[in-house]
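Q: Right, I'll just put the structure down here and ask away after.
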Amino acid sequence: MTFFEDLRFALRQLVKAPGFALTAIVTLALGIGANTAIFSVIHAVLMHPSGMDAPERIGIMRTKYANLGLDFPDVSVPDFADALSLKDQVQAAALERTDSYNILHDGRTEHLDGSQVTWQWFNVFGARPILGRTFTAEEDQKGANNVAVISYGAWQKVFGGDPNVTGQTVMLNQKPYRVVGVMRSDFDWPRGKEVWTPMGLEPKEYSLDNRFNEGSVAAVRLQPGVSFAQFNAGLAAKSHEEYAREGQKGFALRSNWGMTATPVTEFAAGPLRKPLYVLFGVVGLVLLIASANVAGLFLARASARTKEFAIRTALGANAWRLVRQMLTETALLAGLATLAGIALGPVFGRMLLWLVPQSLAEGYTVEMSFGVLAFTAAAGLLTALIAGIGPSVKMVRSQKRLELHDGGRSSTASADKQRLRSAFVIGEVAMAFVLLAGTGLFLASLRQMQQINPGFNPHGVLAGVVVYSGEGYKDNRERQETFVNTVLDNLKAQPGVKSAAATTSLPFSNQDGADSFNVEGRVTGPNDPGPHSQLSYATADYLKTMEVPLLAGRWISAEDRSNTQSVVVIDQKLAKKYWPGRNPIGQHLRDDDRAPWATVVGVVADVRPDSLEEDVSDGMRYYPYSQVAAGMASFAVRTDGDPLALASALNRAIAAADPAQTAFDTGTLESRVNASLASRKLIVWLLTAFAGLALVLALVGIYGLISYVTEQRTNEIGIRMALGAQRAQVVALIMKSALAWVGIGLVIGIAMSFFAASMLKQVFTSFGGGVSSSLAVAMAALLAIGGLAGMIPAQRAASVDPARTLRSE
């Protein structure tokens, strides 16, 4: 028979058993659809970010100071110049600096997140505008005509999608800018930016004196055929040139400074990267469980077709012929399930992104592509092999022992099939246990992290950011101080406000500032890069508003002004590190050799800057807000009521101080702290869903096996009951088998769980708490599932009529 004849025969067999076919297709479709959904998201997030041409050739440069334990995606202008000089490796390179714009349009002031970029920024990403054009080299000059490219979202939000927007002049930060282009909706880099303007670097910024003044993101597009390993080798050579220029006592060598580049496909995913890999492994287990279930169904169906295969064997069909027929049937079922996966996978993927917190999923789109289609087809082929090849081989081996005259019954064949089905069920239980235990471990670690004290009280605090608009604020300490004090006075006069403060670095707000500093009397060794920490400028009521404990000395006061002695407050981490066992009050430190010494006047508790998962802070220095020209202010307002109810009060206070300024990123501080755990919460939520699916599949598998075994033992049970066995004894006999399989699966699952947990500890911080309780809950759940799955067949077996059984014998 040809393949098409096998296919027609397989169709007829499945039509004869619609219940079996539907169950198998739905079971496989669940596994394939879940895998396709996760892979479609992985493809969109990790492999091919939208709006980029050939993203595998795009990289983001990083700076590392190995001796300081620092590695971050910012570079200095001289670093960027080094990358540009590697012409044989770099096709295009560009810089980006985050900026903020207040746009005056139709009499309203709105805030737009934006970036200053060098003119090749869009060329690096291969991004093309939907209207107009991007920047030219002539426009990327200091003092050139102000031009702007806006995002698709800003085009819709501010201009209502006006097709004639290009050429229009808009007021950005009280300056006229001409709109020259509108980007496509699929380009979103950096994430969430709504307007781009030319950076206009001055020649002096390329000076090597700015080498360690990182404040820009550098993107590079490599030449065709150039690998990131080659490019990083070129950057390493540039680093050694800096070592040679500075000499043995230079900061570059002492700090073990260097440059590298990371592919944008790795960098862009950010906090979604770990959850997606975990979930990909999870849905792989679900697919294996579904395949094992279908393999069990085929074994049960093979039992019903024993006589058919015995006759075909007697008529001359060889083992390969029978295996081919069985594989054709499994391939047909898997093919139909794969079609369902192709149809539903991307839909489920978009639903998955919809469930992902907006802060993590913004800018990603899920579409069907060749890569997703290829993966889905491979998943379908894999399920066909898993579901069909084992039952096929076992069935053929059993058929060789069949005798035609006995009607195809063979206890040996049944035992073989039972052992194989038992192996499938044990595997299902083990994999389901791993999913349940993993869910419990992630849930326990999430609860532990939610109880971590960030060093301040985020409850009841409203936060909002103002980036100063207008030349009058640039480098003007007095005007900035006057604005901040006026806003704070206006806020404190509002009903419900307990306190209000301003800072340049509000925790959990992506506003980290950091630099190196000097400690008076501290001698720097040959391999010592010197002290380094985060820093913030804050107003007098900051501690009261944030409820940060003061441990020694005093906090910044209203008397600490720009014309008074420079003072600084440090956290406990810096105090222990640089003055162990000593009183740091009265000690002195400064940013560099040109700055005045600042006197340490107080010590406060440590504050986590942006994560509950791990504390990456090197310590914090707090300076008076009035002693710096900051360029921005983050306001924090504490209330006993609903913080969001104060949003309008914050806007009014800002407008009263200066109508040209506006607040953005307004929200509760508590929500920002919670958002730092968004990726961990996503894992827990989706693990719970997939673990529930695994439980259902395990229930079906155990029930199917118990039903099959019970049917095979009907005569034995009837004889036992005829000899006096009670119903409870029969139920216990069947349940013993069910719980034995579950027990073996649990033993294997426990071993697998410890291995999985050890692997996850290397990837996730604060992971591994609550192991005992998680394992206990998972064991209880699967024992309950096993008991439930075995109870119905056991009750049915206990209802066997002994007389009818004996007559049938």
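The values are calculated or read from the model by the stated rules, or taken from the named source; none is laboratory data. Quantities reported herein were computed from a predicted structural model and do not represent experimental measurements. Neighbour counts run over all protein chains shown; Cβ positions are idealised from the backbone, glycine included. All accessible areas refer to the heavy atoms of the entire protein, side chains included, with ligands and DNA or RNA removed. Shrake-Rupley method; radii C 1.70, N 1.55, O 1.52, S 1.80 Å.
Q: With the requirement that a residue be open to solvent by 50 Å² or more (accessible area, probe 1.4 Å), in contact with a strand residue (DSSP E or B) (Cβ under 9 Å, 6 or more places away or on another chain) and among the charged types (D, E, K, R), what does region 183-237 give you?
A: 184
Q: Being among the acidic types (Asp, Glu) and either open to solvent by 40 Å² or more (accessible area, probe 1.4 Å) or outside any helix (DSSP H, G or I) (or both) is the filter here; which residues of region 71-99 pass it?
A: Scanning region 71-99 gives 71, 74, 88, 96, 99.
Q: Taking residue 242 as the residue in question, decide whether it is open to solvent by 30 Å² or more (accessible area, probe 1.4 Å), at pLDDT below 95 and of a type in the set (Asp, Glu).
A: Taking the combined requirement at face value, the residue does not satisfy it.
Q: Kindly indicate whether any position in region 523-544 is open to solvent by 50 Å² or more (accessible area, probe 1.4 Å), more than 28 Å from residue 462 (Cβ to Cβ) and of a type outside the set (S, T, N, Q).
A: Checked against the condition, which is being open to solvent by 50 Å² or more (accessible area, probe 1.4 Å), more than 28 Å from residue 462 (Cβ to Cβ) and of a type outside the set (S, T, N, Q), region 523-544 yields at least one hit.
Q: Tell me, yes or no, whether region 484-501 has at least one residue that is charged (D, E, K, R) and part of a loop (DSSP other than H, G, I, E, B). Break it down stepwise before answering.
A: Narrowing region 484-501 to residues charged (D, E, K, R): 489, 492, 498.
Filter once more, keeping what is part of a loop (DSSP other than H, G, I, E, B): none.
Scanning region 484-501 turns up no residue that is charged (D, E, K, R) and part of a loop (DSSP other than H, G, I, E, B).
Q: Exactly one condition in (1) over 20 Å from residue 635 (Cα atoms); (2) part of a loop (DSSP other than H, G, I, E, B) is not met by residue 576; state its number.
A: The number of the failed condition is (2).
Q: Oh, and also: Among the numbered criteria (1) polar (S, T, N, Q); (2) closer than 20 Å to residue 665 by Cβ; (3) out of contact with any helix residue (DSSP H, G or I) (no Cβ under 6 Å at 6 or more places or on another chain); (4) at pLDDT 90 or above, which one does residue 469 miss?
A: With respect to (1) polar (S, T, N, Q); (2) closer than 20 Å to residue 665 by Cβ; (3) out of contact with any helix residue (DSSP H, G or I) (no Cβ under 6 Å at 6 or more places or on another chain); (4) at pLDDT 90 or above, residue 469 is out only on (4).
Q: Restricting to region 775-801, name every residue that is modelled with pLDDT under 75 and over 15 Å from residue 735 (Cα atoms).
A: 800, 801
Q: Being modelled with pLDDT under 85, closer than 30 Å to residue 683 by Cβ and among the acidic types (Asp, Glu): is that true of residue 266 here?
A: Numbers: modelled with pLDDT under 85: yes; closer than 30 Å to residue 683 by Cβ: yes; among the acidic types (Asp, Glu): yes.
Here the answer is yes, as residue 266 does meet what is asked.
Q: Right, next: Check whether at least one residue in region 47-70 is farther than 30 Å from residue 325 by Cα, assigned to a helix (DSSP H, G or I) and open to solvent by less than 10 Å² (accessible area, probe 1.4 Å), and report yes or no.
A: yes
Q: Next question, about the same structure. Could you tell me which of the residues 419, 447 is at pLDDT 80 or above, assigned to a helix (DSSP H, G or I) and of a type outside the set (Ser, Thr, Tyr)? Working first, answer last.
A: On the way: 419 fails: at pLDDT 80 or above.
Going through 419, 447 in turn, the sole match is 447.
Q: Quick check, is residue 694 among the aliphatic types (A, V, I, L, M), modelled with pLDDT of 90 or more and in a helix (DSSP H, G or I)?
A: No.
Q: Something else now. Just checking, which of 170, 165 is aliphatic (A, V, I, L, M) and under 16 Å from residue 113 (Cα atoms)?
A: Just one listed residue meets the conditions, 170.
Q: Taking into account only those residues within region 135-153 that are in contact with a Lys or Arg (Cβ under 8 Å, 6 or more places away or on another chain) and in a loop (DSSP other than H, G, I, E, B), which is nearest to residue 171 (Cα to Cα)?
A: So, considering only residues that are in contact with a Lys or Arg (Cβ under 8 Å, 6 or more places away or on another chain) and in a loop (DSSP other than H, G, I, E, B), the one nearest to residue 171 (Cα to Cα) is 146.
Q: Of everything in region 100-112, what is polar (S, T, N, Q) and surrounded by fewer than 19 Cβ atoms within 10 Å (Cβ to Cβ)? Give them in sequence order.
A: Across region 100-112, the qualifying residue is only 109.
Q: Cβ-Cβ below 9 Å, separation at least six or inter-chain, first residue in region 161-176 and part of a strand (DSSP E or B), second open to solvent by 60 Å² or more (accessible area, probe 1.4 Å) and aliphatic (A, V, I, L, M): which pairs?
A: The qualifying pairs are 170/104; 171/104; 172/104.
Q: Could you check region 641-664 and list, in sequence order, the residues that are crowded, with 16+ Cβ neighbours inside 10 Å and in a loop (DSSP other than H, G, I, E, B)?
A: Passing the criteria: 658, 660, 661, 662, 663.
Q: Does residue 636 fit the bill of being surrounded by 16 or more Cβ atoms within 10 Å (Cβ to Cβ) and without any contact (Cβ under 8 Å) to a residue 60 or more places away in the chain? Quick ask: steps written out before the conclusion?
A: Details: surrounded by 16 or more Cβ atoms within 10 Å (Cβ to Cβ): yes; without any contact (Cβ under 8 Å) to a residue 60 or more places away in the chain: no.
The answer is no for residue 636.
Q: Taking region 457-475, which residues are out of contact with any Lys or Arg (no Cβ under 7 Å at 6 or more places or on another chain), over 20 Å from residue 172 (Cβ atoms) and open to solvent by 10 Å² or more (accessible area, probe 1.4 Å)?
A: Selection gives 457, 458, 459.
Q: List every residue pair whose Cβ atoms lie under 8 Å apart, where the two residues are 6 or more positions apart in sequence or sit on different chains, the first residue falls within region 277-294 and is over 10 Å from residue 431 (Cα atoms), and the second residue, located anywhere, is open to solvent by 10 Å² or more (accessible area, probe 1.4 Å) and polar (S, T, N, Q).
A: 290/27; 293/27; 294/27
Q: Every residue in region 665-675 that is closer than 30 Å to residue 471 by Cβ and open to solvent by less than 30 Å² (accessible area, probe 1.4 Å), please.
A: Within region 665-675, 667 is the sole residue that qualifies.
Q: Can you pull out the residues in region 113-125 that are surrounded by 22 or more Cβ atoms within 10 Å (Cβ to Cβ) and of a type in the set (A, V, I, L, M, F, W, C)?
A: Hits for region 113-125 are 117, 121, 122, 124, 125.
Q: Only one of (1) touching a residue at least 60 places away in the same chain (Cβ under 8 Å); (2) open to solvent by 40 Å² or more (accessible area, probe 1.4 Å) is not met by residue 506, so which one is it?
A: (2)
Q: Filter region 616-629 down to the residues that are of a type outside the set (Val, Ile, Thr), within 24 Å of residue 70 (Cα to Cα) and modelled with pLDDT under 90 and list them by number.
A: Selection gives 617, 618.
Q: OK, next. Looking only at residues in region 579-611 that are touching a Pro at 6+ places or on another chain (Cβ under 8 Å) and outside any loop (DSSP other than H, G, I, E, B), which one is nearest to residue 543 (Cα to Cα)?
A: Of everything passing the filter in region 579-611, 604 is nearest to residue 543 (Cα to Cα).
Q: Here is a check on your reading of the model: is residue 14 open to solvent by 10 Å² or more (accessible area, probe 1.4 Å) and over 23 Å from the mean Cα position of the chain (by Cα)? Give the derivation first.
A: On the way: open to solvent by 10 Å² or more (accessible area, probe 1.4 Å): yes; over 23 Å from the mean Cα position of the chain (by Cα): yes.
Yes, satisfied.
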